[in-house]
Every structure is written in C-alpha cells, then in structure tokens.
2 protein chains.
Amino acid sequence: VQSLSKNKIKWIRSLQLKKNRDELGLFIVEGEKMVQEAIENFSQQIDFLVVTKFSSIKTDDVSFEVAIATDEELKSISTLKNPNKSLVVLKLPAKRRIETDFRIALDGIQDPGNLGTILRLADWFDVKEIICSKETVDVYNPKVVQASMGAIFRIKVTYCDLEDYLKKIKVPIFGALLEGQNIYKKTVEPKGILVLGNEGNGISEKIIPLITEPITIPRFGQAESLNVSVATGILLSEFFRGN
Amino acid sequence: VQSLSKNKIKWIRSLQLKKNRDELGLFIVEGEKMVQEAIENFSQQIDFLVVTKFSSIKTDDVSFEVAIATDEELKSISTLKNPNKSLVVLKLPAKRRIETDFRIALDGIQDPGNLGTILRLADWFDVKEIICSKETVDVYNPKVVQASMGAIFRIKVTYCDLEDYLKKIKVPIFGALLEGQNIYKKTVEPKGILVLGNEGNGISEKIIPLITEPITIPRFGQAESLNVSVATGILLSEFFRGN
C-alpha cells in the first residue's frame with residue numbers, strides 16, 4: 001500500500017469546495033462505518049481510499065487505489081473535528097429514475113446539519129427522493145454527508161428550479177406554514193410533496209402560492225419556531241403514522 | 001459608554017469553560033434577538049452588556065454596565081462563527097419550583113446542538129422542566145444557549161443523578177428504546193417523564209430497568225437510527241397531539 005502523496009492531499013482537500021466536486025464529479029465520505037458501507041454497496045463508485053494504520057477497513061482484493069496516511073495527514077484532509085480512521089473519495093452517482101408517490105422538497109435549506117438530518121429522516125420513513133431548490137446547500141458538502149449517516153447512499157437528491165418543478169406537477173403540495181391547517185386535525189397520507197422552507201425565512205414568497213395544502217404544527221408553549229429538521233420529523237411522522 | 005477593556009475580554013472568554021461559569025455563576029448570551037429578550041425579561045440577572053456600534057440594543061437608562069466593542073473585539077469574545085452585534089453576561093438563574101405533570105429526562109446527551117434543540121422543542125410543546133443526568137452537556141455551554149433560541153430563559157433545567165431521581169419518582173417513566181412499543185399504536189398523554197438517551201449509546205444500562213413504558217418510533221426505511229433531537233420532536237408530538 002502506497003503512502004499518501006502531497007498531490008493526493010491537495011486533490012482531496014480541493015473536494016471540500018462544491019465547484020471542485022462538480023468539476024471532478026467526486027465527493028468525500030469519512031469514518032469507518034460509512035466508508036465500510038460505501039465499500040460494501042458502492043465499490044464501483046469508489047475512486048480512492050485513505051486509511052490510517054488504526055483502520056479496520058479490509059484493503060486486500062479491492063479494485064480501487066488505496067493509500068495509508070498518518071493521523072496528521074488524515075487530519076489535514078478531513079473536515080471532521082475528530083477525524084476517524086478512514087476516508088474515501090467517491091464518484092458522484094449516476095442519475096436514476098425513482099418510482100414514488102411521496103417526495104420532500106426543500107426551499108433554500110442552508111445548514112448542512114439540517115440537510116443531513118432530513119436525509120436521515122427520509123431514510124427512516126422511506127421517502128425515496130428529495131427535491132432541492134438551487135439555493136439549498138449542496139448535498140455533497142462533507143457536513144451534509146456526515147450528518148446523513150449513510151442516507152446519502154440511498155436517497156435520490158435532485159436540484160432544480162423549485163418554482164418550475166412545482167408548477168408542472170399535478171399532486172397535492174403540502175407546505176409547512178405558520179398559518180396552515182393544524183396537522184393533528186387533518187388526516188394526511190404520504191401522497192404528493194411536502195415543502196419545507198429556509199431556516200430563517202421559511203417558504204419563499206414565490207413558492208407560497210403554489211402550496212395547495214398549507215399545514216402547521218400547533219404550538220403549546222412560547223418558542224417562536226421549531227428547527228426545520230425537527231419540524232420535518234414531526235410532519236413526516238404525521239404522514240406515516242397511519243400506515 | 002466605556003470601551004471594552006482587556007480584563008473584561010479575558011473574563012468573558014473564561015466563561016466559555018463550564019468550570020469558570022460554575023465558579024463565577026455567570027453565562028453568556030449572544031445575538032441581538034436573544035440579548036434583547038434578556039434585557040426585556042431578565043434585566044435583574046444581567047451583569048454586563050457588550051455592543052458594537054452596529055447594534056440596535058438601546059443602552060440608555062439600563063441598570064447594568066455596558067461596554068462598546070469593535071467587531072474584532074466582539075469576535076475575540078464570541079463563540080459564534082459569525083458574531084452578531086451584541087453579547088450579554090448573565091447571572092445564573094436562582095433555583096425555582098415548577099409545577100408540572102410532564103418532564104423530559106436526558107441520559108447523557110453530549111452534543112450541544114441537540115440539547116439546545118431539545119430545549120427549543122420543550123418550549124414549543126410547553127414542557128416546563130428538563131432533568132439531565134450529570135453526564136449531559138452543560139446547558140450554559142454557549143452552543144446550547146444559542147441553539148435554544150431563547151428557550152433557555154423559560155425552561156427549568158436540573159442536573160442530578162438520574163438513576164436516583166427515577167428510582168424515587170412514582171410516575172410513568174417512558175423511554176425511547178428500539179424494542180419499545182409502537183408509539184403510533186399506544187395512546188400516550190403528557191403525564192410522567194420521557195427519557196431520551198445518549199446519541200451513540202442510547203439509554204444507559206442502569207437506567208433501562210427503570211423504564212416502565214418502553215416506546216419506539218417505527219421505522220419504514222433503512223436508516224439505523226434517528227437524531228436524538230428529531231426523535232424527541234416526534235415523541236413529544238405524539239404526547240401532545242391529542243391535547
């Protein structure tokens with residue numbers, strides 16, 4: 001096994017920027033558990049694997065390049081505060097068609113932790129596709145990948161002009177709005193699309209008129225709002241609890 | 001208005017450590033909105049206010065010390081990536097008695113963002129008290145304060161030996177466990193205490209036998225687990241949806 005060259009360090013670090021990820025068609029996954037998952041399920045997509053001597057990832061008989069790094073080298077290419085023992089560079093997945101009756105749409109989610117948590121939630125409730133407005137944080141941002149806990153491998157994420165997309169579809173468009181219908185009093189089933197808005201501003205002005213089913217989580221106390229990933233969890237739970 | 005002295009800078013920075021917060025009985029709140037809320041509702045508790053010239057906080061006729069800081073100075077005392085325009089040092093609140101039928105207990109939550117989000121959730125659903133095991137992250141950790149979005153002013157948080165606490169109480173003890181009863185099939189009302197476990201390990205071995213009502217959120221897809229603050233949201237929603 002080769003050691004990690006300076007050029008490879010530079011190349012991996014460059015993938016922290018969306019511009020470079022898009023140009024090279026590559027992204028990073030870190031941590032023993034997610035790296036193992038990538039190797040087991042997506043070995044075709046793997047471009048390059050980095051392990052430290054403490055890693056338990058088996059590297060015999062693999063069909064991709066492997067380098068061994070010191071803890072310091074791993075730290076220098078990692079986006080984690082406490083880097084794990086391995087990191088893998090993956091090719092962006094090919095676009096695939098998904099058959100599903102229910103989708104989530106994100107209108108300008110900015111926080112990578114929120115997007116990652118929403119991916120994880122989609123994976124829990126078996127929502128197979130997430131539609132993101134162009135303003136939404138990149139799903140291959142390393143913090144999103146990490147917070148998704150492997151969901152990134154299973155959920156299809158599509159970026160588009162959300163206004164155009166919603167104008168064209170002919171399904172119920174649910175939207176989390178403060179003045180929507182009480183979600184506990186309305187029977188909802190997972191057919192259509194559920195729109196969640198930006199952390200600070202909610203659903204944008206141009207999208208609001210496209211919402212056919214405004215819904216809201218009633219408030220019992222004094223908090224002004226809920227975190228968007230928590231609100232997504234509560235709403236998904238309402239969509240799926242009757243199933 | 002005085003400018004911010006080096007000694008004050010050192011003093012405020014020291015409050016980033018729990019040891020110093022406990023010793024001095026002080027904690028920090030940042031950002032125009034939360035600072036404004038502190039001044040409006042808890043001016044008795046305020047020890048010291050720092051504003052930049054861009055702050056819109058009114059500082060006439062206030063009964064506490066105020067200093068003006070440059071953006072660089074605020075950055076040097078802030079725990080935020082993008083420091084806001086004001087920061088306030090508050091005295092820890094006095095212990096108060098709370099009458100309530102329903103509490104949340106946290107068994108070793110480590111991530112400040114999760115604790116802050118759970119405070120915000122408690123504030124939304126009007127859960128008035130959170131009991132934390134000694135291993136749980138400090139509620140006056142600046143990242144918790146920030147993520148709580150003001151809930152820290154309204155929710156009582158008590159640290160104790162959680163095992164002792166749960167052994168002494170005579171109310172239903174709900175616990176989020178993977179092998180619990182399906183929360184969608186069990187009618188729950190907000191009476192008793194809801195225990196949530198650590199991010200990686202769940203509820204600890206010594207607490208599990210004390211759970212009288214093990215409950216679980218059914219999984220439809222493939223994610224291994226849910227983020228603990230998201231799970232708290234879904235469970236609280238189930239407790240309160242019938243009310």
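Restricting to the range A:130-147, give me the number of residues that are within 14 Å of chain B (Cβ to nearest Cβ) and either of a type in the set (A, V, I, L, M, F, W, C) or crowded, with 22+ Cβ neighbours inside 10 Å (or both).
Kept after step one, since they are within 14 Å of chain B (Cβ to nearest Cβ), are these residues of the range A:130-147: A:130, A:143-144, A:146-147.
Going one step further and asking which of them are either of a type in the set (A, V, I, L, M, F, W, C) or crowded, with 22+ Cβ neighbours inside 10 Å (or both), we end up with A:130, A:144, A:147.
Of the residues in that region, 3 qualify.
I'd like to know if the range B:54-66 contains one or more residues that are part of a helix (DSSP H, G or I) and out of contact with any helix residue (DSSP H, G or I) (no Cβ under 7 Å at 6 or more places or on another chain).
Checked against the condition, which is being part of a helix (DSSP H, G or I) and out of contact with any helix residue (DSSP H, G or I) (no Cβ under 7 Å at 6 or more places or on another chain), the range B:54-66 yields no hits at all.
Of all residues in the range B:184-231, which are within 12 Å of another protein chain (Cβ to nearest Cβ), among the small types (G, A, S) and open to solvent by 20 Å² or more (accessible area, probe 1.4 Å)?
Passing the criteria: B:G200, B:S225.
Answer yes if at least one residue in the range A:32-40 is open to solvent by 30 Å² or more (accessible area, probe 1.4 Å) and in contact (Cβ under 8 Å) with a residue 60 or more places away in the chain, and no otherwise.
The answer is yes, given that some residue of the range A:32-40 is open to solvent by 30 Å² or more (accessible area, probe 1.4 Å) and in contact (Cβ under 8 Å) with a residue 60 or more places away in the chain.
Tally up the residues in the range B:11-22 that are open to solvent by 50 Å² or more (accessible area, probe 1.4 Å), in contact with a helix residue (DSSP H, G or I) (Cβ under 9 Å, 6 or more places away or on another chain) and not polar (S, T, N, Q), please. I'd like the intermediate steps shown before the answer.
Our first condition is that a residue be open to solvent by 50 Å² or more (accessible area, probe 1.4 Å); within the range B:11-22, this holds for B:11, B:13, B:16-19, B:22.
From the residues that got through so far, the ones that are in contact with a helix residue (DSSP H, G or I) (Cβ under 9 Å, 6 or more places away or on another chain) too are B:11, B:13, B:16.
With not polar (S, T, N, Q) added as a condition, the list becomes B:11, B:13.
So the count comes out to 2.
Output the residues belonging to the range B:96-125 that are farther than 27 Å from B:G200 by Cβ and free of Cβ contacts under 8 Å to residues at least 60 places away in the same chain.
B:R97, B:I98, B:E99, B:T100
Among the residues of the range A:69-91, is any touching a residue at least 60 places away in the same chain (Cβ under 8 Å), among the acidic types (D, E) and under 15 Å from A:I155 (Cα atoms)?
No; the residues of the range A:69-91 include none that is touching a residue at least 60 places away in the same chain (Cβ under 8 Å), among the acidic types (D, E) and under 15 Å from A:I155 (Cα atoms).
Take the range A:115-129 and flag every residue that is surrounded by 24 or more Cβ atoms within 10 Å (Cβ to Cβ) and more than 7 Å from chain B (Cβ to nearest Cβ).
Correct list: A:L115, A:G116, A:I118, A:L119, A:A122, A:V127.
Please pick out the residue among A:K185, A:K206, A:K191 that is basic (K, R) and touching a strand residue (DSSP E or B) at 6+ places or on another chain (Cβ under 9 Å).
Exactly one of A:K185, A:K206, A:K191 is basic (K, R) and touching a strand residue (DSSP E or B) at 6+ places or on another chain (Cβ under 9 Å), namely A:K191.
Failed condition for B:Q45, given (1) under 17 Å from B:K75 (Cβ atoms); (2) in contact with a Pro (Cβ under 8 Å, 6 or more places away or on another chain), with all others met?
(1)
State the number of residues belonging to the range A:80-112 that are closer than 24 Å to A:Q36 by Cβ, modelled with pLDDT of 95 or more and either under 13 Å from the mean Cα position of the chain (by Cα) or within 14 Å of chain B (Cβ to nearest Cβ) (or both).
1
Write out, first by first residue and then by second, each pair whose Cβ atoms fall under 6 Å of each other, whose residues are 6+ apart or on separate chains, and whose first residue, in the range B:46-67, is touching a residue at least 60 places away in the same chain (Cβ under 8 Å) and over 9 Å from B:V89 (Cβ atoms) while the second is assigned to a loop (DSSP other than H, G, I, E, B) and hydroxyl-bearing (S, T, Y).
B:V66/B:T59
So, in the range B:81-114, exactly how many residues are among the basic types (K, R) and either open to solvent by less than 70 Å² (accessible area, probe 1.4 Å) or assigned to a helix (DSSP H, G or I) (or both)? Reasoning before the result, please.
Pass one, the range B:81-114, residues among the basic types (K, R): B:81, B:85, B:91, B:95-97, B:103.
In the following step, the residues that additionally are either open to solvent by less than 70 Å² (accessible area, probe 1.4 Å) or assigned to a helix (DSSP H, G or I) (or both) were identified as B:103.
Matching residues across the range B:81-114 total 1.
From the set of residues in the range A:16-39 that are out of contact with any Pro (no Cβ under 8 Å at 6 or more places or on another chain) and part of a loop (DSSP other than H, G, I, E, B), which is nearest to A:N82 (Cα to Cα)?
A:G31
The values are calculated or read from the model by the stated rules, or taken from the named source; none is laboratory data. Keep in mind that this is a model prediction, so the values were computed, not measured. A quick note on method: Cβ atoms are made from the backbone with ideal geometry, for glycine too, and the neighbour counts reach across all protein chains shown. Protein only, heavy atoms only, side chains kept; ligands, DNA and RNA dropped before computing areas. Shrake-Rupley method; radii C 1.70, N 1.55, O 1.52, S 1.80 Å.
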